[in-house]
1. Taking the number of other C-beta atoms within 10 Å as the exposure measure, put 19, 90 in order starting with the fewest.
2. Under a plain spin-label model, where a point goes 7 Å from the Cα along Cα-to-Cβ, how far apart in nm are residue 31 and residue 63?
3. Report, to the nearest 10°, how far helix 77-106 tilts away from the longest principal axis of the Cα atoms in the chain, using its own Cα long axis and a range of 0 to 90°.
4. To the nearest 10 degrees, how steeply does helix 112-132 sit against the main Cα axis of the chain, on a 0 to 90 scale?
5. Just the ratio, please: alpha-carbon radius of gyration of the chain over 2.2 N^0.38 Å, N its number of residues.
6. Return the FRET efficiency for the residue pair residue 174, residue 70: r is the Cβ-Cβ distance, R0 is 45 Å, and the value is rounded to the nearest 0.05.
7. Per DSSP H run of at least 4 residues, take -39500 (n - 2.57); add these up for the chain, divide by its residues and hand me the 222 nm value, nearest 500 deg cm²/dmol.
8. Indicate the gyration tensor shape class of segment 174-323 (rounded, prolate or oblate), computed on the Cα atoms with a ≥ b ≥ c the square roots of the eigenvalues: a/c under 1.5 is rounded; otherwise a/b larger than b/c is prolate and the rest oblate.
């Protein structure tokens, strides 16, 4: 097999290579010339001037490790902070794949296999996230947590803007019965008065404008709407559940059915992640049932798992197909 890898500047060989006649070199030069044209000499010189990068250069390890500044001296706070930072990195990858899947379903040439691959990746990421809660469930001192959490003030994982974006781009709808609000706008309320907690107020001040804008542009730019358009050919149909049932049954093709199944798994994976979150919160806040900023965390998480789905038509259709 022809070696297409670029030789390292530091590589040594017992047999000197005649670069002037080496076919690999000629092919690479031709490719570079086609790409850069008259700029090729400058590009090659710039490459020669760059220093070799190391693993730490590429990963930016020093910068990464500088981001774990804790607010207290309690041992387990570092675990808590690193855990939530890695969660946000997984969320970033999930959004990366959601956008790829949406592009694939809205491309001029519909690419369902690519969309399916992206949703499968998302499901792996959520599986990692759900499993990783054992770090929090079994790996944190409850006694320490109940003390150092006080230093967090009204900040809360509820305020993850990336997770809210994931819900929107997956397909979660606002609630028309509650003045078209996001479901979480009825959460994070004072456990006794029912008034919005500072946790919710600050989050809305910082992120609601962007999230509303993202929501307004979700058609066709969400997984749910993109999938329905792919299954129906974008033709309006009042009975979307029947259309989704046909899609899951394979009546509209194996590729559509496979993607539909993966989207159902994604819906369940989000609920499973919330369930693991609830288990951790129940354990660590058992002696302090009020959430951050006096919020009704238990009610919020429980209701969101039961009532909030990103693909409601697919969930309803699954029941029809199974029966």
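1. 19, 90
2. It is 2.8 nm.
3. The angle comes out near 70 degrees.
4. For helix 112-132, the angle is close to 60 degrees.
5. 1.28
6. Calculated value: 0.75.
7. Value at 222 nm, helices only, nearest 500: -19500 deg cm²/dmol.
8. Judged from the Cα gyration tensor, segment 174-323 comes out prolate (a/c at least 1.5, a/b above b/c).
Computed from the coordinates by the stated procedures, all read-outs in this text should not be read as laboratory data. Worth saying up front: this structure is predicted, and the values here are computed from it rather than measured. Note that we place each Cβ from the backbone using ideal geometry, even for glycine, and neighbour counts take in every protein chain shown.
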